[in-house]
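Worksheet for the structure shown next.
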Amino acid sequence: MDLDGCALPEDRLYDLEHDVWFQREPDGGLARVGLLGPLVWFAGRFQSVSFRPVEGPLDRGRSVATVESVRYTGAVRLPLGATVVDRNFGIVERPRLLNDRPYDDGWVVRVRPTRDALPPSLETAATVAGRLRERIRAQRIRCWPQSPDLELYEIGIECSAVLAQLNEELERHPAGDAVLLVTDDPTSPIEMERWSDQTGHRVLAHRPEGNLHQFLVRKEAHPVPRRRPGG
C-alpha cells in the first residue's frame, strides 16, 4: 500500500501509538519489530542506535532501543508483551538502514510474545491507513526509496546549469549515494529523463510539488548510458 509516496506493507501489523510494526516469522513463535516508515522519514537520517540491556519478559511499551538523528531522539518500544531474543546489530554499524530499508534489513529486534493473543493496539495496514495518511500530510513527511546523501537546491537556474552542478556533485560521491535535486525549471522532467538516458545514472523518484520538481538520483557503480549525448 502506498500513502502519498510512503510505503505501508500489508503483510504485518502496526502500533501507531509507539510508531512500530510487528511481523510474525513463518514458524509463528517469533516476530520482528521495527520502526514505522513515516516516523523514519520525519526523523531524517539516523546517526546512532543503542540497545537497552533488557532481559526476560517485558510489558508492552517498554523501551528496547534508542535511536537518534539530527532532529529526533526517541525510544523503540514494544507493541506487546514479549521477550527480546535477538537484536539487529547491523543497524548499530549502519544506522541508515533504518531509513533505506525500515521494513526489511532495518528491523530492530526479534521477540517472543508472552501470549498467543495479540493486543487490539496492533492493527492491519488497511485499518491504520487513513490515520497515517493524515499524519503524513499534517507533518509534511516526504518518503523516498533511499535516504539522500545530499540535498541540492537549484532555484531560478536553467536546467543545463542545474545538470552541470548535479554532474559535479556526483563526481564527489561514491557509487550508491543518492542526491535529492530540487529545481523550479518547468522543463526538468523531460531533461532529467534525457540526462538519465545519457549518463546511465538512475532517477529513483520524481515528485512535483507546486512549481518545484524534486528528483532523487542515485550514482550507479557501472552506469550504462541508453542514449548518446546529443542523441
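The values are calculated or read from the model by the stated rules, or taken from the named source; none is laboratory data. Only a predicted model underlies this, so the values are computations on that prediction, with no experimental measurement involved. Cβ coordinates were reconstructed from backbone atoms using ideal geometry, including for glycine residues, and neighbour counts include every protein chain displayed.
A few notes on this one:
- Among residues of the range 166-185 being buried (at least 16 other Cβ atoms within 10 Å of the Cβ) and hydrophobic (A, V, I, L, M, F, W, C), the one that is farthest from residue 210 (Cα to Cα) is 170.
- So residue 100, is it surrounded by fewer than 22 Cβ atoms within 10 Å (Cβ to Cβ), within 14 Å of the chain's Cα centre (by Cα), under 25 Å from residue 10 (Cβ atoms) and in the same structural domain as residue 40 (by TED's automatic domain parsing): yes
- Restricting attention to the range 156-208, the residues being charged (D, E, K, R) and in contact with a helix residue (DSSP H, G or I) (Cβ under 6 Å, 6 or more places away or on another chain) number 2.
- Residue in the range 147-161 that is within 24 Å of residue 12 (Cα to Cα) and of a type outside the set (Val, Ile, Thr) present: yes
- Sole exception among (1) in a helix (DSSP H, G or I); (2) in contact (Cβ under 8 Å) with a residue 60 or more places away in the chain; (3) touching an Asp or Glu at 6+ places or on another chain (Cβ under 6 Å) for residue 162, by number: (2)
- None of 67, 85 is assigned by TED's automatic domain parsing to the domain that holds residue 39, β-branched (Val, Ile, Thr) and either on the phi > 0 side of the Ramachandran plot or exposed (fewer than 14 other Cβ atoms within 10 Å of the Cβ) (or both) except 85.
- Sole exception among (1) buried (at least 19 other Cβ atoms within 10 Å of the Cβ); (2) without any contact (Cβ under 8 Å) to a residue 40 or more places away in the chain for residue 143, by number: (2)
- Residues of the range 103-126 satisfying the condition of being touching a residue at least 60 places away in the same chain (Cβ under 8 Å) and either over 20 Å from residue 67 (Cβ atoms) or not assigned by TED's automatic domain parsing to the domain that holds residue 39 (or both): 112, 113, 118, 121, 122, 123, 124, 125, 126
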